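**Student:** The structure under discussion is supplied below as C-alpha cells; questions concerning it will follow.
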Amino acid sequence: MNLQLPAVVWLRGYNRQWLRGDIIASVTLAAYLLPAALGDASLANLPPEAGLYACLFGGLVFWLFCSSRHTAISVTSAISLLIGASLGEIAGGDTTRFGALAAGTALLVALIAFIAWLVKAGAIVNFISESVMVGFKCGVALFLASTQLPKLCGVSGAHGNFWENSGTFLKHLGDTNLPSLTVGGIALAALVLGKVFLKNKPVALFVVVGGIAASHWLDLDARGVKPLGAVPQGLPQVGLPRALDWGSPDVVLQDFNNLLPLAFACFLLAAVETAAIGRTFTAKHGGRLDANQEFLALAVANLAAGLGRAFPVSGGMSQSLVNEGGGARSPLSTALASGIILVVVLFFTHLLAALPQPVLAAVVLVAVAGLFKVTALKHLWRGDRTEFVVAMAAVVGVLGSGLLRGVMIGAIISLVQLLRRASKPHVALLGRIPGTRRFSDRERHPDNERIPGVLIFRPESGLVYFNVDHVCDVILDRVRTEVPPPKLVVIDLSAAPQVDLQSAHALAGLADELKAADIRLLTVEARAQVRDRLRGEGVATRLGAADRSTSVADAVEAFRSQSPSATSS
C-alpha cells in the first residue's frame, strides 16, 4: 500500500518567494474560518467548539495528502445541516450522545473515503449530475433560512423540516425581539455590503468582533439578545467518542447501522464538492487533479476530525476561494491557518462567549446565500427543461423529505438519468458526404447523399442488454417507413466498443426479421472485441460475417455493383 504524500513534492520544490503569499493567505483564511466554524457548528446542533476542532484537526492533516494547491478543508453548511437534521432522531434526545454520534459519523466518512481510495473509485463523483447538485443546494439554502431566521429575530424556532420550521417562524413572528432583529439586521447588512465591495476579505471576522464588543458595551444579554455562551478553552481529549459504548459490540453495531446512510451521504457531498473545487482551480492554474488522491485526503481529515471530537469535514468552495484570493501559492497556507486556529483554541475562546446569536445567524445566512443559484435555475429552464425538472425534484426532495433523504433522492435521480440516457442511445441514419467515400449523420447534415435501396445506421453506444431493444426498434421503425423498402440495411458498429451476449443474439434476430421481408442485414467496421463476441455466439455469418476489412463505403459499392436497378434509380 503506497500512501502518497503530495505535500512532500510541494515542499521539495518550494520557492521561498511563495512564503509571503502563503502567510498572508493563511491569516485571511483563518479569519474566515473562525466565524464559519462557529456558524456551521450551530447548524449541526453542536457546541461551537466542535466547529473549531473540525477545522483545526482536519486542516492539520488534509494539506499533506491533497493534490490541489488551493483547496481548504472546512466544515460546510450542507454537511452541517445534514448532521443537525439527521442525528436528533438517531440520538433519541440524548444530548450527551449527539456529539459522540457526530464524531462517529466523521470516522465512518473516513472509512468510506479510505475504501474509495483503495478501490480507485474517483469516477464516483461523476454520478451526481450538476443539475441535481444545483437543486440540492437550493433546497439546502431554503432549509437553512427556515432554521436561522428565528435566531435572527430572537423568536422560538422548530427543529423539523422546512415546512414545520417555516410555519413555526411565521406563527411567532409577532414575538420578534427588536434588539435581536436590530443587531442581526446590522450584521447582515454589513456582511452583504462586504461581500459586494470587499470580496474575499475577512469581513465576517470584523462583524463577529463588532458583535462581541457591542454585546459588552450595550449589555445586549439584558435586552433579550441571546449570546453564544461559554466555549471551552484548550484541546479535547483525542480518541474514540466516549459516549458510544465501545465495550458492547451490539451497541456499536447498532450505531454503525444507524449512522452508515448518513455517513455515506456526507461522503458523497464531500467527494463531489472537493472534486468540483479541485477541477475549478486546476482549470484556472493548470496542473492535474487526482480525484482518488482527494479521497485519501478526505479520509485522513475526517479521521482526525472524528478522533478530535468534531464532525465531518469537506473541501469548502467559499473557503478555498478566500485562500486563493489571499495569495496562497501552495497547500502550506491551509496548514498555517490551522496553526492560527490552534492558538485561538488554546488561548482566546473565552472571548467568543459574548457573541450575539443573531450575529452568528447573519454570518451563516450570508455564507450560504451562494447555495441558492437563481441564475443556474434560469439557465436550466432555458437550456434543458428536463434538467430543470430534475433540479426541482431535488429541491422538493430536500424540503419535503429532509436533507438525508434529499441526498439519496438526488443520487437516485442521477442514476435514473444515467440509465435513461444509456438505455436510449442515439442511432444515426447515415448518408454519404458529397464527393467522398465517407458517411455521416443525415440529421445533422441534410445535404448528405442518400443511397437508393440502402439504409445505413450507426448506434453511437456499446450494445448491452438494456439498450439493444431500443436500437433494434429504431432500425425496424425506420425500415418500415421507408418507401420503397430497402434491399440492404447496413449497421456500422465502429462506435460500439462492446456487444454483450444478449445484444449479439438480438442483432441476429433483427437479421432474421429483415430477411423474412427480403431485406439483407450487413454489419461492418466492428471492433476486434465485438467480432470475437459475434463469432463466439455463432451469429457472425447471419450478420454478414462482420469482418474487419469491409467499410460502409465498400458495402455500398458492392451492393450497387450487384443491383443495377438500384444504381439507375
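Derivation of every value follows stated rules applied to the coordinates shown; laboratory data play no part. Predicted, not measured: the structure shown is a model, and the values here were computed from it. Positions of Cβ are backbone-derived with ideal geometry, glycine not excepted, and every protein chain shown enters the neighbour counts.
**Student:** For Lys487, which lysines qualify as cross-link partners when the Cα separation must be under 27 Å and same-chain residues fewer than eight apart are set aside?
**Tutor:** Lys424, Lys515
**Student:** Out of all DSSP beta bridges in the chain, what portion is antiparallel? Express it as a percent rounded to 5.
**Tutor:** The antiparallel proportion sits near 50 percent.
**Student:** Between Arg478 and Phe206, how many nm apart are label points set 7 Å from Cα along the C-beta direction?
**Tutor:** 6.4 nm
**Student:** Once every DSSP H run of n ≥ 4 in the chain is given -39500 (n - 2.57) and the sum is divided by its residues, what mean residue ellipticity at 222 nm do you get, rounded to the nearest 500 deg cm²/dmol?
**Tutor:** Estimated from H runs of four or more residues: -20500 deg cm²/dmol.
**Student:** Going by alpha carbons, how many degrees (0 to 90, nearest 10) lie between the helix axis of 291-307 and the longest principal axis of the chain?
**Tutor:** So the helix axis and the longest Cα principal axis differ by about 30 degrees.
**Student:** Relative contact order for the range 18-418 using alpha-carbon pairs under 8 Å, separation at least 6, rounded to a whole percent?
**Tutor:** Reported relative contact order: 40 percent.
**Student:** Let me ask something else about it. Could you work out how far helix 203-218 tilts from the main Cα principal axis of the chain, as a 0 to 90 degree angle to the nearest 10?
**Tutor:** 30 degrees
**Student:** Determine which lysines satisfy two conditions relative to Lys199: a Cα distance under 30 Å, and not lying fewer than 8 residues away in the same chain.
**Tutor:** Cross-link targets: Lys137, Lys151, Lys226, Lys284, Lys373, Lys378.
**Student:** Just checking my list (i) 58, 25, 23; (ii) 34, 28, 23; (iii) 52, 32, 22 against semi-axes √(5λ) of the Cα gyration tensor in Å computed from this structure; which label fits?
**Tutor:** Correct label is (i).
**Student:** As I understand it, the dipole of the chain uses +1 on the Cβ of Lys and Arg and -1 on the Cβ of Asp and Glu, about the Cα centre. Which of Ala528, Pro446, Ala495 lies farthest toward its positive end?
**Tutor:** It is Pro446, whose Cα lies furthest towards the positive end.
**Student:** When you count, for each residue, the other Cβ atoms within 10 Å and take the mean per peptide, how do 170-181, 329-340, 110-121, 513-524 rank with the highest first?
**Tutor:** 329-340, 110-121, 513-524, 170-181
**Student:** List the residues whose amide H sits under 5 Å from the amide H of Arg309, counting only those 5 or more places along or on another chain, with H placed 1.01 Å from N in the peptide plane.
**Tutor:** Gly239
**Student:** Can you list residues whose amide H is under 5 Å from Ile491's amide H, if they're 5+ apart or on another chain and H is modeled 1.01 Å from N?
**Tutor:** Under 5 Å from the amide H of Ile491 lie the amide H atoms of Phe457, Leu522, Thr523, Val524, each far enough along the sequence or on another chain.
**Student:** Now, a different point. Would you list which aspartates and glutamates come within 12 Å of Lys195, measuring only between C-alpha atoms, while excluding same-chain residues fewer than 8 positions from it?
**Tutor:** Filter leaves no residues.
**Student:** Also: Specify the angular offset, from 0 to 90 degrees and rounded to the nearest 10, of the alpha carbon long axis of helix 77-91 from the longest principal axis of the alpha carbons in the chain.
**Tutor:** The angle comes out near 80 degrees.
**Student:** In addition: Which ³J(HN,Hα) values, rounded to whole Hz and listed in residue order, are derived for the range 26-40 from phi using the Karplus coefficients 6.51, -1.76 and 1.60 in 6.51 cos²θ - 1.76 cosθ + 1.60 with θ = phi - 60°, glycine and proline given as x?
**Tutor:** 5, 5, 4, 5, 4, 5, 7, 5, 4, x, 5, 5, 5, x, 6
**Student:** Moving on. State to the nearest 20 debye the size of the charge dipole of the chain about its Cα centre, where the only charges are +1 on K and R beta carbons and -1 on D and E beta carbons.
**Tutor:** 1320 debye
**Student:** Using a 10 Å cut-off on Cβ atoms, rank the peptides 428-435, 75-82 from the highest mean neighbour count down.
**Tutor:** 75-82, 428-435
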